[in-house]
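What follows is a short report on a single structure.
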Amino acid sequence: MGDHYQSLVPKNVSSNDVAAFAERGTQFLIAREIVLPDSTDCILGDGGGYPPGPASDSVVQEPQRYSHYKTLKTNGVQVIAKRTFFYGWTDFPIQCPKCGADHKSHHYVWGDAVDQWYHGDDGALLRCTACGNATRVTEWEYRGQVAFGDLGFTFWNWPVLREDFVAEFSLMMQRGVASLCGKI
Ligand SMILES: [Zn+2]
């Protein structure tokens with residue numbers, strides 16, 4: 001069956017501000033009762049997450065239809081406060097910002113540049129095989145399914161988040177927020 005996820009990734013959070021923004025987002029979710037205040041073993045991978053709270057249905061689409069998410073073992077919100085290459089559906093083309101050529105996002109095309117960025121090189125370059133120009137890997141066009149960030153909030157197995165909630169979250173964060181869905 002697999003596990004679905006949706007990640008909200010605030011843009012332009014500098015590494016110095018990650019802890020403060022992680023706290024702000026977490027406290028917002030708790031105060032609105034979207035999640036419960038105590039972290040439990042309800043996510044995939046290491047660390048804990050926050051289970052759905054009494055008001056979680058108010059921020060998702062079609063909560064009645066997908067109400068079983070509240071009974072799943074993996075249904076928490078994971079706060080990821082470290083450099084992460086967030087991605088959703090991987091079968092999408094990426095576009096060179098210089099010439100507009102589409103490239104399939106297979107790892108052999110862009111994996112090295114993502115690795116360099118992940119290891120701390122903010123200026124890691126990806127060269128376009130169509131026009132030969134090199135552009136920062138973070139500045140390619142990813143059609144919304146990739147976000148480079150040092151902070152993200154991943155909702156495991158929740159129904160799709162309502163757009164007005166994503167907008168509210170963005171307003172609260174005072175940042176644009178990338179939203180991406182995927183499945184593993
Ligand atoms: Zn190009």
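The values are calculated or read from the model by the stated rules, or taken from the named source; none is laboratory data. What you see is a predicted model; the values in this text were computed from it and never measured. Methodologically, a virtual Cβ is constructed for each residue, glycine included, from the backbone with ideal geometry; neighbour enumeration extends over all protein chains shown.
Does VAL79 count as in a strand (DSSP E or B), under 20 Å from the mean Cα position of the chain (by Cα) and more than 16 Å from the ligand (Cβ to nearest atom)? Here the answer is yes, as VAL79 does meet what is asked.
Name the residue that is surrounded by the most Cβ atoms within 10 Å (Cβ to Cβ), counting only residues in region 82-105 that are more than 15 Å from the ligand (Cβ to nearest atom) and assigned to a loop (DSSP other than H, G, I, E, B). Among residues in region 82-105 that are more than 15 Å from the ligand (Cβ to nearest atom) and assigned to a loop (DSSP other than H, G, I, E, B), the one surrounded by the most Cβ atoms within 10 Å (Cβ to Cβ) is GLY88. A single member of TYR50, TYR142 is surrounded by 13 or more Cβ atoms within 10 Å (Cβ to Cβ) and within 16 Å of the ligand (Cβ to nearest atom), and it is TYR142.
Rundown of residues vs (1) farther than 12 Å from PHE155 by Cα; (2) in the same structural domain as VAL160 (by TED's automatic domain parsing); (3) assigned to a loop (DSSP other than H, G, I, E, B), yes/no style:
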position: GLU23; (1), (2), (3): yes, yes, no
position: PHE28; (1), (2), (3): yes, yes, no
position: PRO37; (1), (2), (3): yes, yes, yes
position: CYS42; (1), (2), (3): no, yes, yes
position: GLY45; (1), (2), (3): yes, yes, yes
position: ASP57; (1), (2), (3): yes, yes, no
position: GLU62; (1), (2), (3): yes, yes, yes
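Of the residues making up region 112-122, at least one is within 16 Å of the ligand (Cβ to nearest atom), out of contact with any Pro (no Cβ under 7 Å at 6 or more places or on another chain) and not in a loop (DSSP other than H, G, I, E, B). Considering the conditions (1) assigned to a strand (DSSP E or B); (2) in contact with a Phe, Trp or Tyr (Cβ under 8 Å, 6 or more places away or on another chain), THR135 is excluded by exactly one of them, (2).
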